[in-house]
Amino acid sequence: MSATSRGAGPGEPGRIVIVGAGMAGLYCGWRLLKSGYPAHSLRIFDALDRHGGRVHTVSWDGDPAVRLDLGAHVISDGHRIAHGLVSHFGLATAPVGTSQDTAILHLRGRTRGEREVRRSYFRKAFAYDAGWRWLRRSPRRMLKDALQAHELPGSGRGGVPAYSKELSGQALDAVLRQRLTAEELRYLSDRLGYSVGEASVNAGTTLDWLWTEMFGGRYVTIAGGMSELTAALAASMSEHGVTIGTGHRLDRFEAGRDGAPSTLHFRVDGVDRRSVETERTILAMPPGGLKPVEGVADLPAVKELFGAITPWPLVTGGIIFDEPWWQAGKLAGDRAISDLPIGQLFLASTDARAGRSTGVGVAKAYAEGQRTAYWRAFSRDAAPGKWRGPGDPLAAEVSRQMGQVLGRGVSGSVPEPLDVCLQDWQEFPFGAGFHLWSSGSHPDKAFNTALKPMPDCELHICGEAWSRRQAWMEGALESSEALLERHFGLLRCK
Ligand SMILES: Cc1cc2nc3c(=O)[nH]c(=O)nc-3n(C[C@H](O)[C@H](O)[C@H](O)COP(=O)(O)OP(=O)(O)OC[C@H]3O[C@@H](n4cnc5c(N)ncnc54)[C@H](O)[C@@H]3O)c2cc1C
């Protein structure tokens, strides 16, 4: 991946401060350095004691082979910038299965295999008040049928339908309710593992997301964990002499207008205060981190941006067992989708044969939407993403729910987990797992406003939340790339 700046280079660019060392902030810093911006002009800060933001791989002390992604875990084949970075840094990837055929489904108290449901083993696989023909359909087929009336004639031959323009101004829940009963819509959400269809989000952009990203695409993961990518960006910056000021929470922004420097006020490690002057500011953070920042959150343009975005709740958890006991079940698979608070389960094991591992079972829980509220009481008890040990009440609760989801065909009761951890992405400094454009919003206009919300101040906002590819690292990268090309004179990455 090569990157250059426009013309003869940036010259003496003035000081640039980036706040937020997630994917967007790290990429901005790395790109500016690669494009000839001098290291002494650049500073980067983050509220947490780590970098990476919502890219967060945790390892487990009990077995060095356990690397668990609590945040981003896959890269889709359409994610050009992310793939470019992975190959630039020479990171090893591994394919991730996308077929839903082997998924285990646990809905309304019954556990079934996806294959069984589709192949009509049961007249009525799950206890929903909906016709058996509907219950047998795949989520993809359900969505296609529900939106048939809005599909543009001749579209959808490549598998991805295009919808009439008027849909983009409407709320997705309202559009789907035109065709589906509440039960049918609930079933669609439960099968998908996402309840976005029951929310008042922008129908056009959300459907685009569902079709191109959820049903389409092939995926890889970074073999050593996704944090290898953010670590590579941070290490490359550090080689240039730019280190990240962790533990710096931005509290207040004093805008410098018409070329005057701005002042950023940080709270350092929760106690001290520090002020930093800068000519240009990049705030690479989501609304949840920005809302408490005085001097930015109260700008009319930024308030309007907050109104255009729906934060989507996510909670993830890691659960370690001394063996992958679920493989003994008749419905063995590596993914389960449930309507319980635990949501989806991703199941794996470390390979004892390699000799570097003890061969433990590793489960990841992924809960979204309203069900995340269930975990709030548990998330108060310990630091986010930290392993808690076997005696924690969370361990008993997750194994109880895992038993329900995977119960059928598995002999005996669920063993006690060796360890558990939980990350509630609603907490500061994130405020959400990902973001969706709200109904009635104008994503293209909002995207441009974020890149420069004040006409007379060099303030810029970027990241996944404000992008055209929300919910993905690629959104964070695309919005950063657009910012750098438009406002910092960088040429497009090849
Ligand atoms: C559970 C989960 C699963 C996901 N799965 C995938 C996936 O498989 N593939 C994929 O591509 N994407 C996935 N995503 C989305 C992806 O992780 C994000 O889109 C991306 O990491 C966002 O990067 P960002 O830099 O825009 O924001 P963030 O990662 O949120 O970074 C913002 C940074 O700003 C800092 N910050 C916030 N407020 C302040 C403040 N006031 N002062 C100082 N610092 C502050 C934060 O500490 C953080 O480091 C997932 C996300 C989650 C939560």
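The values are calculated or read from the model by the stated rules, or taken from the named source; none is laboratory data. These figures come from a predicted structure and were not determined experimentally. Positions of Cβ are generated from backbone atoms using ideal geometry, with glycine treated the same way; all protein chains shown enter the neighbour counts.
Which of (1) more than 10 Å from the ligand (Cβ to nearest atom); (2) at pLDDT 95 or above is the odd one out, the single condition residue 12 does not satisfy?
Looking at each condition in turn, residue 12 falls short on (2).
Can you name every one of the helices (runs of 4 or more DSSP H) wholly within the stretch 173-256 that holds 3 or more residues which are within 27 Å of residue 297 (Cα to Cα)?
203-209
Take the conditions within 16 Å of the ligand (Cβ to nearest atom) and aliphatic (A, V, I, L, M) and apply them to residue 268. Does it pass?
yes
For the stretch 300-328, how many residues meet the condition of being farther than 25 Å from residue 225 by Cα and buried (at least 17 other Cβ atoms within 10 Å of the Cβ)?
6
Suppose we keep only residues that are of a type in the set (A, V, I, L, M, F, W, C) and away from the ligand (no atom under 16 Å from the Cβ) within the stretch 447-494. Which one would you say is farthest from the chain's Cα centre (by Cα)? Before you say what the answer is, go through the steps one by one.
Start the filter on the stretch 447-494 by keeping residues that are of a type in the set (A, V, I, L, M, F, W, C), which leaves 447, 450-451, 454, 457, 459, 461-462, 465-466, 471-473, 476-477, 482-484, 488, 490-491, 493.
Applying the additional criterion that residues be away from the ligand (no atom under 16 Å from the Cβ) yields 454, 457, 488, 490-491, 493.
Values: 454: 28, 457: 30, 488: 27, 490: 27, 491: 27, 493: 23 Å.
In this case the residue turns out to be 457.
When the stretch 56-73 is examined, which residues are found to be at pLDDT 95 or above, in a loop (DSSP other than H, G, I, E, B) and out of contact with any helix residue (DSSP H, G or I) (no Cβ under 8 Å at 6 or more places or on another chain)?
Those that are at pLDDT 95 or above, in a loop (DSSP other than H, G, I, E, B) and out of contact with any helix residue (DSSP H, G or I) (no Cβ under 8 Å at 6 or more places or on another chain): 70, 71, 73.
Kindly check whether there is at least one residue in the stretch 82-94 that is at pLDDT 85 or above and in contact with a Phe, Trp or Tyr (Cβ under 7 Å, 6 or more places away or on another chain).
No, because not a single residue in the stretch 82-94 is at pLDDT 85 or above and in contact with a Phe, Trp or Tyr (Cβ under 7 Å, 6 or more places away or on another chain).
Under 6 Å between Cβ atoms, which residue pairs at least 6 apart in sequence (or on different chains) link something in the stretch 129-155 that is in contact (Cβ under 8 Å) with a residue 24 or more places away in the chain with a partner that is in a loop (DSSP other than H, G, I, E, B) and crowded, with 18+ Cβ neighbours inside 10 Å?
Listed by first residue and then by second, the contacts come to 135/125; 146/180.
Any residue that is part of a loop (DSSP other than H, G, I, E, B), of a type outside the set (D, E, K, R) and within 22 Å of the chain's Cα centre (by Cα) - is there at least one of those in the stretch 26-47?
Yes, the conditions are met somewhere in the stretch 26-47.
State yes or no: is residue 366 at pLDDT 95 or above and either in a strand (DSSP E or B) or in contact with a Leu (Cβ under 8 Å, 6 or more places away or on another chain) (or both)?
Taking the combined requirement at face value, the residue satisfies it.
Could you check the stretch 291-311 and list, in sequence order, the residues that are within 11 Å of the ligand (Cβ to nearest atom) and closer than 19 Å to residue 455 by Cβ?
Residues satisfying the conditions are 296, 297.
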